[in-house]
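Trainee: The structure follows.
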Amino acid sequence: MPITAPVVANDRTYAAPKTCAIAICLDGCEPEYLDVAITEGLMPTLKRIRDTGTDRTAHSVIPSFTNPNNMSIATGRPPAVHGICGNFLYDPDTGEEVMMNDVRFLRAPTVFSKFYEAGARVAVVTAKDKLRALLGAGLKFDEDRAIAFSSERSGETTKAEHGIDNASAWLGMPVPEVYSAELSEFVFAAGVKLLKEWQPDVMYLSTTDYIQHKFAPDEQGAKDFYAMFDRYLAELDALGAAIVVTADHGMKPKHDANGDPAVIYVQDVLDDWLGKGTARVILPITDPYVVHHGALGSFATAYLPDGADRADIVARLKALPEMLEVTTREEAVAKYELPADRIGDIVMVSTENMTIGTSAHRHDLAALKEPLRSHGGLTEQAVPFIVNRKIDLPDAPTLRNFDAFFYATAAAALEVAPA
């Protein structure tokens, strides 16, 4: 039975949906991807929704990486609240660099867990398993009211841990290759089947940006992907769900005229200025999926040695043509809403077509088969925010991608037909 009272999560009040409220995070969906696909007639459903529903641009959180933005969407709040400020974390107390995908790093409850506590049925399907535990935090799977699994590990799911046994067999689709469009298609197909058969009150569908790293908006691989998505969107829309389509971040070309990655290796720069190994550059984009980006993105943080003249280092880095912004920790906390204890002494954001590396010898770029496309900075902050209902919305920068469930549940509470 649908819940009837509003739900409070992290000091925000979410409406009780009368129909399923769905947020879809199209990983790496630079707005141009949708514009090209719609112009070429490949997304008739999304075109209709943009024309008759609500179409806006929102801002992602910074860094414009996967984990911080997915968890912002999941909690309705920026990283300063939920604590996930990258895919990767350096702990200066232990000297360890670790993936920030364990629930112990999460500092706020998800919207999903709060809806679950209120009695709702909640479904979460994500492409990569690195997000599954964080997104599923607080859910219990013994009452048939919660399902949370990834495409990547869909053949290994159990009722006790994911709310469903062998999701791959249940869906009738093989476990997809992680570097494929099929990894995201599995998410969409599962969302349709769940909506038809399991009827959740709230559902989150989150994809991978393998295609967006690999193909520019006008390339066939990208066009095929968005045409595929549109077919599943048509099914979800026809079933009466209230849907918000947004993204965790955009995507920009980050290569030179020869197709080689455009990189400034800041660890090498700081080694030259301060002495080898005395500073430590951390790249929060780092994750196991090196084929996507080779750990090269447009946001980095650095821990400086004791006694270093931080103001001087910031000024010298700012003067480099590769840098768009360089701030102190305190400035970054205020401007980007980041947790102060999980970033370094300084924060760097590179220009639109540039990435930041550590040292040249530490990046294995052999797996990059196409010219580098990546994200992480301010130039990848603009993302689509499209609702299949006519509702009153602000635009960016007021509108954030992490408002997705606030407006999805508001739209699902309206007594109106789909757009």
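Residues are listed down the side, and each one gets a yes or a no for (1) touching a Cys at 6+ places or on another chain (Cβ under 9 Å); (2) among the acidic types (D, E); (3) surrounded by 24 or more Cβ atoms within 10 Å (Cβ to Cβ); (4) in the same structural domain as F299 (by TED's automatic domain parsing):
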site: L205; (1), (2), (3), (4): yes, no, yes, no
site: T208; (1), (2), (3), (4): no, no, yes, no
site: H213; (1), (2), (3), (4): no, no, no, no
site: P217; (1), (2), (3), (4): no, no, no, no
site: Q220; (1), (2), (3), (4): no, no, no, no
site: N258; (1), (2), (3), (4): no, no, no, no
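Conditions tested, residue by residue: (1) in contact (Cβ under 8 Å) with a residue 24 or more places away in the chain; (2) outside any loop (DSSP other than H, G, I, E, B).
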{"site": "F225", "(1), (2)": "yes, yes"}
{"site": "D268", "(1), (2)": "yes, yes"}
{"site": "G277", "(1), (2)": "no, no"}
{"site": "P284", "(1), (2)": "yes, no"}
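Trainee: Looking at W170 and the list (1) out of contact with any Ser or Thr (no Cβ under 8 Å at 6 or more places or on another chain); (2) among the hydrophobic types (A, V, I, L, M, F, W, C); (3) within 15 Å of T208 (Cα to Cα), which single condition is not satisfied?
Mentor: For W170, the failing item is (3).
Trainee: Just checking, how many residues over region 336-345 are in contact (Cβ under 8 Å) with a residue 40 or more places away in the chain and out of contact with any Lys or Arg (no Cβ under 8 Å at 6 or more places or on another chain)?
Mentor: The number of residues fulfilling the criteria is 4.
Trainee: Quick check on my filter: what residues within region 328-341 are in contact with a strand residue (DSSP E or B) (Cβ under 8 Å, 6 or more places away or on another chain) and more than 19 Å from S60 (Cα to Cα)?
Mentor: T328, R329
Trainee: Tell me yes or no: at least one residue of region 7-25 is at pLDDT 95 or above, part of a loop (DSSP other than H, G, I, E, B), small (G, A, S) and under 21 Å from F188 (Cα atoms).
Mentor: Within region 7-25, none of the residues are at pLDDT 95 or above, part of a loop (DSSP other than H, G, I, E, B), small (G, A, S) and under 21 Å from F188 (Cα atoms).
Trainee: Output the number of the condition that L139 fails; it satisfies all remaining conditions of (1) over 24 Å from the mean Cα position of the chain (by Cα); (2) surrounded by 16 or more Cβ atoms within 10 Å (Cβ to Cβ); (3) in a loop (DSSP other than H, G, I, E, B).
Mentor: The failed condition is (1).
Trainee: When you scan region 174-216, how many residues do you find that are part of a loop (DSSP other than H, G, I, E, B), touching a Phe, Trp or Tyr at 6+ places or on another chain (Cβ under 6 Å) and not aromatic (F, W, Y)?
Mentor: Qualifying residue count for the region: 2.
Trainee: For region 315-419, which fully contained strands (runs of 3 or more DSSP E) count at least 1 residues that are hydrophobic (A, V, I, L, M, F, W, C), over 21 Å from the mean Cα position of the chain (by Cα) and at negative phi?
Mentor: 323-328, 346-350
Trainee: Report yes if L194 is assigned by TED's automatic domain parsing to the domain that holds T19, closer than 30 Å to L414 by Cα and surrounded by fewer than 20 Cβ atoms within 10 Å (Cβ to Cβ), otherwise no.
Mentor: When the stated conditions are applied, L194 does not pass them.
Trainee: Can you name the residue in region 180-205 that is aromatic (F, W, Y) and under 17 Å from the mean Cα position of the chain (by Cα) and, of all such residues, is nearest to A120 (Cα to Cα)?
Mentor: Y204
Trainee: Return the residues of region 346-362 that are crowded, with 20+ Cβ neighbours inside 10 Å and either modelled with pLDDT of 95 or more or over 12 Å from V266 (Cα atoms) (or both); say none if nothing qualifies.
Mentor: Within region 346-362, I346, V347, M348, V349, S350, T351, M354, T355, I356 qualify.
Trainee: Can you report the number of residues in region 84-99 which are buried (at least 21 other Cβ atoms within 10 Å of the Cβ), in contact (Cβ under 8 Å) with a residue 60 or more places away in the chain and under 16 Å from the mean Cα position of the chain (by Cα)?
Mentor: Residues in region 84-99 being buried (at least 21 other Cβ atoms within 10 Å of the Cβ), in contact (Cβ under 8 Å) with a residue 60 or more places away in the chain and under 16 Å from the mean Cα position of the chain (by Cα): 3 in total.
Trainee: Give A334, A366 a once-over and let me know the one that is surrounded by fewer than 17 Cβ atoms within 10 Å (Cβ to Cβ), among the aliphatic types (A, V, I, L, M) and modelled with pLDDT of 95 or more.
Mentor: A334
Trainee: Scanning region 26-48 for residues that are among the small types (G, A, S) and not in a helix (DSSP H, G or I), which turns out nearest to K214 (Cα to Cα)?
Mentor: Top of the filtered list is G28.
Trainee: I'm trying to understand the selection: among the residues of region 77-121, which are of a type in the set (K, R) and touching a strand residue (DSSP E or B) at 6+ places or on another chain (Cβ under 7 Å)?
Mentor: K114 - this is the single residue of region 77-121 that is of a type in the set (K, R) and touching a strand residue (DSSP E or B) at 6+ places or on another chain (Cβ under 7 Å).
Trainee: So R107 passes all but one of these: (1) of a type in the set (D, E, K, R); (2) farther than 27 Å from L283 by Cα; (3) not in a helix (DSSP H, G or I). Which condition number does it fail?
Mentor: It fails just one condition, (2).
Trainee: I would also like to ask the following. Among the residues of region 308-328, is there at least one that is free of Cβ contacts under 8 Å to residues at least 24 places away in the same chain, surrounded by fewer than 20 Cβ atoms within 10 Å (Cβ to Cβ) and of a type in the set (K, R)?
Mentor: Looking for residues that are free of Cβ contacts under 8 Å to residues at least 24 places away in the same chain, surrounded by fewer than 20 Cβ atoms within 10 Å (Cβ to Cβ) and of a type in the set (K, R), one finds at least one in region 308-328, hence yes.
Trainee: Separate question: Within the group D51, D55, which residue is part of a helix (DSSP H, G or I) and surrounded by fewer than 19 Cβ atoms within 10 Å (Cβ to Cβ)?
Mentor: Selected residue: D51, the only one of D51, D55 that is part of a helix (DSSP H, G or I) and surrounded by fewer than 19 Cβ atoms within 10 Å (Cβ to Cβ).
Trainee: On the given criteria, is F229 assigned to a helix (DSSP H, G or I) and buried (at least 20 other Cβ atoms within 10 Å of the Cβ)?
Mentor: yes
The values are calculated or read from the model by the stated rules, or taken from the named source; none is laboratory data. Bear in mind that the values here come from a model prediction, so they are computed numbers and not experimental data. Note that we place each Cβ from the backbone using ideal geometry, even for glycine, and neighbour counts take in every protein chain shown.
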